Amino acid sequence: MERPVREMPVLCHSTLASISGGDALVQYEILELFVHLTREAASSLDKAFDAQALAEVRQIAHLLNGRSAMIGALSLADTCARMERLARCEDWTALREAHESFNREWTGVREAVYGVLSQADGRAAT
């Protein structure tokens, strides 16, 4: 009997807690910085795709892979690792598909992060 495949959570909160020492304020600051820097990197990634600059795509994907894994956005990190490998292979067809996956994953991670940040803001206001 096959067991159903469980989807990976958008954010692994235990990973985030481990890098912040469980400090809510540190988590908040890490997530704010993550969103800011990743938004910029995602924009640079789009430009690198438009220019078909494989080396830039590979470098940005590598950066985003590490950054995403660090905060527990493991599915996004996997997608970035896939883009990095495909850029090395110069497989533009698969790379475009991976880029579309990245955009979907990034949207989900961004929404999850905003949810965590808004919860933290709500706690701070009370």
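Among the residues of the stretch 57-79, are any basic (Lys, Arg) and touching a Ser or Thr at 6+ places or on another chain (Cβ under 8 Å)?
There is at least one residue in the stretch 57-79 that is basic (Lys, Arg) and touching a Ser or Thr at 6+ places or on another chain (Cβ under 8 Å).
Could you grab me the full set of residues in the stretch 84-99 that are touching a helix residue (DSSP H, G or I) at 6+ places or on another chain (Cβ under 7 Å) and either over 21 Å from THR15 (Cβ atoms) or touching a residue at least 40 places away in the same chain (Cβ under 8 Å) (or both)?
Those that are touching a helix residue (DSSP H, G or I) at 6+ places or on another chain (Cβ under 7 Å) and either over 21 Å from THR15 (Cβ atoms) or touching a residue at least 40 places away in the same chain (Cβ under 8 Å) (or both): LEU86, ALA87, ARG88, GLU90, ALA94, LEU95, ALA98, HIS99.
Read-outs: derived from the displayed coordinates by stated rules, not from any lab. Quick caveat: nothing in here was measured; it's all calculated off a predicted structure. Positions of Cβ are backbone-derived with ideal geometry, glycine not excepted, and every protein chain shown enters the neighbour counts.
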